[in-house]
Amino acid sequence: MAIAFGFELLISIVSDILLDQAQKQGVIEKFSKMILRYDKDAKFLTLNSKELKTKYHNEPLYTFTINDKSIILPQSVLFNNTVNCIPIKDFNFTLDNVRSQFRISKKIETKADQLIELLIKILGKTFYDSETLRLNDIKVISNKVCLTVSKSKYQYYLGTNYSLDACLKNWSCSLREELHTGSLLCKLNKSILANHLGINVLVFTSDNFLVLPKRSGKVNIRKNQFSPSISGVVNYSDFEQTDLPVFLKAISREGKEEIFLQKTQFNENNTYLLGLTRELIRGGKPEVFFVMYINESFANFEKSFKCAKDKDENKSEIKKVDFSKSLMLDPKKVEDRKEYYLKHNADVTNFLKNKKNKISLPLLTNILLWLEFRINEMDKHYH
C-alpha cells in the first residue's frame with residue numbers, strides 16, 4: 001500500500017476499539033437467567049480479541065498497515081480482493097463430490113448434540129433451522145476463485161462454531177480446547193465445524209451516506225452493536241438457484257429481509273467483493289465482505305426500511321453516516337493524492353470515533369477492507 005497521510009489517529013482509535021471490546025460475544029446475555037436454569041457453566045464464546053490473536057498467532061491475521069503502523073484484527077485472511085478486484089461473477093461454486101452433505105463428526109457428536117438441545121431451549125420460538133452453505137475449500141485459478149461447498153444446517157453451526165468455549169457439566173474441556181490445540185485453525189477441508197459462509201455488506205446510497213443498522217437486543221450475538229448494512233448467511237437455496245451469482249443471490253435475499261433492499265437498486269457493476277476471512281472467535285467460520293453503491297437516496301431508502309421482514313433484528317431505525325467528502329472524489333481525476341488520503345482518513349476516523357463503543361468486529365473488518373480497497377483503487381490510477 002502506498003504512503004498515506006494523517007492516519008495516526010485512525011490507528012489509535014481502532015486499537016482502542018479492539019482493546020475496549022470484550023469481544024466476549026457471550027451470546028446471549030439476554031438469556032442469562034435461562035442459561036443458568038439449564039447449566040450454570042454455559043458460556044458459549046469467551047475469548048477476547050487479544051486472547052484470540054495470541055492463541056492463533058501463526059494464522060495469517062488481517063493486518064491493516066499505514067505509515068509503518070499496523071492494526072491486527074482477530075480474523076484470518078483467506079483471500080484479500082482489495083487489489084486485484086476479481087468480479088463477483090468469477091467466484092465459482094462447486095458442490096463437494098466427496099462430502100456434499102455436512103454431518104457433525106462422531107468425534108464431537110455428543111457434545112454438539114447437547115449444545116444444540118440447550119440452545120434450542122434457550123432460543124425458543126426464535127430458532128429457525130435453515131439449510132446453509134458450508135465452505136470446504138477455496139482456490140484461485142487463473143483469476144477465478146473456486147469455492148468447494150456442501151449443504152449444512154444452521155443447528156450444526158449452533159452446536160459447533162457458535163459454542164466453541166462452552167464447557168458443560170461433566171465435560172473435561174470445551175470444543176475449542178479439544179480441537180484447536182495449536183496456534184493454527186484446522187484447514188477448511190479438515191475442519192469438523194459447521195463453517196457456513198457469512199456475508200457482510202456496506203451499503204452506500206446515491207447521496208453518499210452509509211446505511212448503518214444497529215442490532216437489536218433480540219439477536220443472539222453482538223446485540224446492540226452497529227453492524228454492516230447487511231449481514232447474514234449464504235443459504236443452500238442461494239447455490240441451487242441460478243438466476244444470479246451465488247453471492248448476489250444471498251445479498252439480495254438478506255438485504256430484502258433486513259433492510260428491504262430491492263434487486264433494482266443494485267447489480268454486479270456496483271457491488272464489489274473485498275475479501276474473505278475466517279473469524280477466530282467462532283473457530284474460523286468463513287466471512288465474506290462486500291461494498292455496494294445503490295441508486296437510491298438515503299431518504300427514500302429509509303422510508304422503505306419499515307417494510308423489511310426481519311427489521312426486528314435491528315433497532316427501529318437505521319442511521320446514516322456521511323461519507324460525501326471522500327466518496328465524491330473520483331480517483332481517476334484527483335491529482336493530489338494527499339487530499340484523497342486525508343479525506344478518506346477524516347471520514348473513516350470520524351465514523352469510528354463517534355461509534356467507538358458499539359462497533360462490531362464484522363463492521364470494523366468491513367470498514368478497513370473498504371478503506372484499503374479505496375486506497376488501492378486510487379493508487380492504480382495514480383501509477
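The values are calculated or read from the model by the stated rules, or taken from the named source; none is laboratory data. As the structure is a computational prediction, the values presented were derived from the model and not from experiment. Here the Cβ positions follow ideal geometry from the backbone for every residue, glycine too, while neighbour counts run over all protein chains shown.
For this structure, a couple of remarks:
- Remark: Ser142 falls outside the filter, which requires a residue to be more than 19 Å from the chain's Cα centre (by Cα) and at pLDDT 95 or above.
- The set of residues in the stretch 238-263 that are charged (D, E, K, R) and in a loop (DSSP other than H, G, I, E, B) contains only Asp243.
- For the stretch 251-260, the criterion of being under 24 Å from Cys85 (Cα atoms), under 16 Å from the mean Cα position of the chain (by Cα) and either aliphatic (A, V, I, L, M) or at pLDDT 95 or above (or both) is met by at least one residue.
- The single condition from (1) touching a Phe, Trp or Tyr at 6+ places or on another chain (Cβ under 7 Å); (2) in a loop (DSSP other than H, G, I, E, B) that Arg134 fails is (2).
- The numbered conditions (1) of a type in the set (Gly, Ala, Ser); (2) closer than 18 Å to Phe260 by Cα; (3) assigned to a loop (DSSP other than H, G, I, E, B) are all true for Gly232 except (3).
- Condition met for Leu78 (touching a strand residue (DSSP E or B) at 6+ places or on another chain (Cβ under 9 Å) and modelled with pLDDT under 95): no
- Lone qualifier among Ser183, Ser163, Ser172, Ser191 - being within 30 Å of Tyr272 (Cα to Cα) and not aliphatic (A, V, I, L, M): Ser191
- Qualifying residue in the stretch 293-309 (condition: touching a helix residue (DSSP H, G or I) at 6+ places or on another chain (Cβ under 9 Å) and under 15 Å from Asn200 (Cβ atoms)): no
- Residue in the stretch 182-196 that is of a type in the set (Ser, Thr, Tyr), closer than 26 Å to Leu61 by Cβ, at pLDDT 95 or above and buried (at least 21 other Cβ atoms within 10 Å of the Cβ) present: yes
- Any hit, the stretch 162-178, residues being touching a residue at least 24 places away in the same chain (Cβ under 8 Å), in contact with a Gly (Cβ under 6 Å, 6 or more places away or on another chain) and not β-branched (Val, Ile, Thr): yes
- Close contacts from the stretch 62-90, counting a first residue that is without any contact (Cβ under 8 Å) to a residue 60 or more places away in the chain and a second that is among the charged types (D, E, K, R) and surrounded by fewer than 19 Cβ atoms within 10 Å (Cβ to Cβ), with Cβ to Cβ under 8 Å and a gap of 6+ residues or different chains, come to Ile72/Lys53; Asp90/Lys144.
- Failed criterion for Cys146 (all others in (1) outside any strand (DSSP E or B); (2) out of contact with any helix residue (DSSP H, G or I) (no Cβ under 8 Å at 6 or more places or on another chain) hold): (1)
- Test: residue in the stretch 154-164 that is surrounded by 14 or more Cβ atoms within 10 Å (Cβ to Cβ) and part of a strand (DSSP E or B): no
- Of the residues making up the stretch 74-93, at least one is crowded, with 17+ Cβ neighbours inside 10 Å, in a strand (DSSP E or B), at negative phi and of a type in the set (A, V, I, L, M).
- Hits in the stretch 87-105 - residues which are more than 19 Å from the chain's Cα centre (by Cα), under 17 Å from Val246 (Cα atoms) and of a type in the set (A, V, I, L, M, F, W, C): Phe93, Leu95
- Residue ID - farthest from Leu280 (Cα to Cα), chosen from residues in the stretch 49-70 that are surrounded by fewer than 17 Cβ atoms within 10 Å (Cβ to Cβ) and at pLDDT below 85: Asn67
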